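The values are calculated or read from the model by the stated rules, or taken from the named source; none is laboratory data. Everything numeric here is computed off the predicted structure, so don't read it as measured data. Methodologically, a virtual Cβ is constructed for each residue, glycine included, from the backbone with ideal geometry; neighbour enumeration extends over all protein chains shown. Side chains are part of the model used for accessible areas, which takes the heavy atoms of the whole protein and leaves out ligands, DNA and RNA. Shrake-Rupley method; radii C 1.70, N 1.55, O 1.52, S 1.80 Å.
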Amino acid sequence: MIQQGSKVELHFVLKLNDGSIAESTYNYPKPAQLVMGDGSLTEGFEACLLGLKTGDKSQFELNAEQAFGQSNPDNIKYFERSKFGDEAPAEEGSIIAFAQPDGSEIPGIVREVTGDSVTVDFNHPLAGQTVIFEVEILAVN
């Protein structure tokens, strides 16, 4: 049975309220693996897994707070269009990796381009949305 610290192998599908699929591990060569409590999933997703065992299939509906949180206006930034180039054009809907001071990268979604101003949203793409979390537990150690 899944508990804190359990190593879990699973398939999952994340759907939006309209039934569209946001992500599915069934599309990957291998199922997902995680250790409960390692930060791979948010607390809300992990809470859904607690108590499940190998062979279980289940579906959960998580509101925004349980899933990826609400959209935070502080995570929306404005840049000059001149900061973008051919490799990362400022086009609405494009996802661009932005370098951080520590050398890591964070993805941002270009939400709006108006004149010389580019609005980039650094919130999780599913922030503010209710999601349906379908899981199939393949192994628990």
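Which residue is nearest to GLN4 (Cα to Cα), if the candidates are limited to the range 25-36 and must be open to solvent by less than 50 Å² (accessible area, probe 1.4 Å) and over 16 Å from the mean Cα position of the chain (by Cα)?
Among those that are open to solvent by less than 50 Å² (accessible area, probe 1.4 Å) and over 16 Å from the mean Cα position of the chain (by Cα), it is MET36.
List, please: which pairs have Cβ atoms under 8 Å, are six or more places apart or on different chains, and start with a residue in the range 114-141 that is at pLDDT below 95 and end with one that is acidic (Asp, Glu) and open to solvent by 50 Å² or more (accessible area, probe 1.4 Å)?
Filtered contacts from the range 114-141: ASP116/GLU80.
Would you tally the residues in the range 47-64 being assigned to a loop (DSSP other than H, G, I, E, B) and within 30 Å of ALA139 (Cβ to Cβ)?
Of the residues in that region, 8 qualify.
Taking the range 126-141, which residues are open to solvent by 40 Å² or more (accessible area, probe 1.4 Å), more than 17 Å from THR42 (Cα to Cα) and not in a loop (DSSP other than H, G, I, E, B)?
GLU136, LEU138
Within the range 73-103, work out how many residues are under 26 Å from LYS15 (Cβ atoms), open to solvent by 60 Å² or more (accessible area, probe 1.4 Å) and not in a strand (DSSP E or B).
Qualifying residue count, the range 73-103: 1.
What number goes with the only condition from (1) open to solvent by 60 Å² or more (accessible area, probe 1.4 Å); (2) among the hydrophobic types (A, V, I, L, M, F, W, C); (3) in contact with a strand residue (DSSP E or B) (Cβ under 6 Å, 6 or more places away or on another chain) that LEU50 does not pass?
(3)
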